[in-house]
Amino acid sequence: MQTLSVALGERRYSVHVGPGLLGRADLIVPLLPRRQVALVTNTTVEPLYMDRMVTALASAGVAVVRIVIPDGEEHKDWRSLNAIFDVLLEQRCGRDTTLIALGGGVVGDLAGFAAACYQRGVPYIQVPTTLLAQVDSSVGGKTAVNHPLGKNMIGAFHQPRMVLADTDTLRTLPKRELRAGMAEVIKHGLIRDAAFFSWIEANLDRLLACESDALDHAIVRSIAIKAEIVEKDEREQGMRALLNFGHTFGHAIEAGFGYGVWLHGEAVAAGMVLAADLSAELGYLPQSDVTRIRTLLQRAGLPTEVKGIGPARMQTLMSVDKKAKDGRVPFVVLERLGAAALRGDVAPEVLARTLTRLAA
């Protein structure tokens, strides 16, 4: 097991990474105000891992309320959120009940938002079971539900008490989900660590084959990059926005096709190619670097262009963006590999050239 820390003063928490952690109730119990938890998962993860966690917690004297929601991005909505609240209220869970999110990014976002809202805030723990959740969404305290007009538009910042990333769960992950998670790993190298990006290029086949030492390194390095940024800008007032490289385009793709048609990581992959192309349009990246990025994503089995949403529709979808100020949407671009920047002054005609090339 490797342990990292997200240093947020009194709200500092640990991120544990390694095999066999679902059975480590000893890591969870010291963080509980009361030996009762509400374990939130989905219909896919429940038969794989819920009983294992319940058994471990029960053996440590922890009472477990089970909550199971439907699987899929299309269910990250008010209905699923209310389903969580219904069980919490029916079971008379109080402010001293800790929620545990067992699953991927959708479960983590929903359970985290429920924890932020229920009785004005209760503690929660993230137990991510997908690569994307382990390297990205479980760390940093962003929680939300989707709205038909925009992804993650209703949410709150609510930091977990701990993140428990059991790498054994990745062995039951469908290949498509593994590849989607790789997009966020690649993103971390692009925005902050060119050497890590080069390492991914050299080790991609090992990562896709789920070789333990390669996956462990990729997960730990990704978490370290994200934690460093979150510590400096918890509520996204500045540099934390750099973590959204490819996401402004990606969220538009998800909303445009309908939530659940593209996986989040797939949309981010295509979004990163669009953002890299925009970076070249602005005079930052050479075309050779844009090609490197596109080639790596293609090798990972990820989409690198958008077919089915035209440039005008993409611009409309991107106008509904949480980062928009004075009606303008800022874009995360790459000044070079490993160095991202936020640009709020992208001219419409420059953006149109990128969208015309890659969205049709």
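The values are calculated or read from the model by the stated rules, or taken from the named source; none is laboratory data. The model shown is predicted, which means the values in this text are computed figures rather than measured ones. Heads up, the Cβs are rebuilt from the backbone with ideal geometry, glycines too, and the neighbour counts pull from every protein chain shown.
Among the listed residues E254, E236, which satisfies the condition of being closer than 20 Å to A324 by Cα, outside the structural domain of Q159 (by TED's automatic domain parsing), among the charged types (D, E, K, R) and part of a loop (DSSP other than H, G, I, E, B)? Break it down into steps so the answer makes sense when it comes.
Numbers: E254 fails: part of a loop (DSSP other than H, G, I, E, B).
Of the residues listed, the single one that is closer than 20 Å to A324 by Cα, outside the structural domain of Q159 (by TED's automatic domain parsing), among the charged types (D, E, K, R) and part of a loop (DSSP other than H, G, I, E, B) is E236.
Of the residues A255, A218, which is modelled with pLDDT under 95 and crowded, with 17+ Cβ neighbours inside 10 Å? First the steps, then the outcome.
Values: A218 fails: modelled with pLDDT under 95.
After ruling out the rest, the residue left standing is A255.
Against the definition (small (G, A, S), under 28 Å from A194 (Cα atoms) and in contact (Cβ under 8 Å) with a residue 40 or more places away in the chain), how does S288 come out, yes or no? So that I can check it myself, show each step before the final result.
On the way: small (G, A, S): yes; under 28 Å from A194 (Cα atoms): yes; in contact (Cβ under 8 Å) with a residue 40 or more places away in the chain: no.
Against the criterion (small (G, A, S), under 28 Å from A194 (Cα atoms) and in contact (Cβ under 8 Å) with a residue 40 or more places away in the chain), S288 does not qualify.
So that you can scan it fast, the table gives a plain yes or no per residue for (1) buried (at least 21 other Cβ atoms within 10 Å of the Cβ); (2) within 22 Å of K175 (Cα to Cα); (3) at pLDDT 95 or above; (4) hydrophobic (A, V, I, L, M, F, W, C):
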residue: E266; (1), (2), (3), (4): yes, yes, yes, no
residue: A270; (1), (2), (3), (4): yes, yes, yes, yes
residue: S279; (1), (2), (3), (4): yes, no, yes, no
residue: T291; (1), (2), (3), (4): no, no, yes, no
Here is a list of conditions, (1) among the aromatic types (F, W, Y); (2) surrounded by 24 or more Cβ atoms within 10 Å (Cβ to Cβ); (3) not in a helix (DSSP H, G or I), and F249 meets all of them except one; can you say which number that is? (3)
Neighbours by Cβ (under 7 Å, 6+ apart or cross-chain): first from segment 337-353, touching a residue at least 24 places away in the same chain (Cβ under 8 Å); second part of a strand (DSSP E or B) and surrounded by fewer than 17 Cβ atoms within 10 Å (Cβ to Cβ): A341/E335
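Go through segment 109-137 and give me each residue that's polar (S, T, N, Q) and either in contact (Cβ under 8 Å) with a residue 60 or more places away in the chain or out of contact with any Pro (no Cβ under 8 Å at 6 or more places or on another chain) (or both). Show your work before the answer.
Of segment 109-137, the ones polar (S, T, N, Q) are 119, 126, 129-130, 134, 137.
Q119, T129, T130, Q134 - these are the residues of segment 109-137 that are polar (S, T, N, Q) and either in contact (Cβ under 8 Å) with a residue 60 or more places away in the chain or out of contact with any Pro (no Cβ under 8 Å at 6 or more places or on another chain) (or both).
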Within the bounds of segment 124-134, is there any residue that is over 14 Å from the mean Cα position of the chain (by Cα), more than 19 Å from G18 (Cβ to Cβ) and assigned to a strand (DSSP E or B)? yes
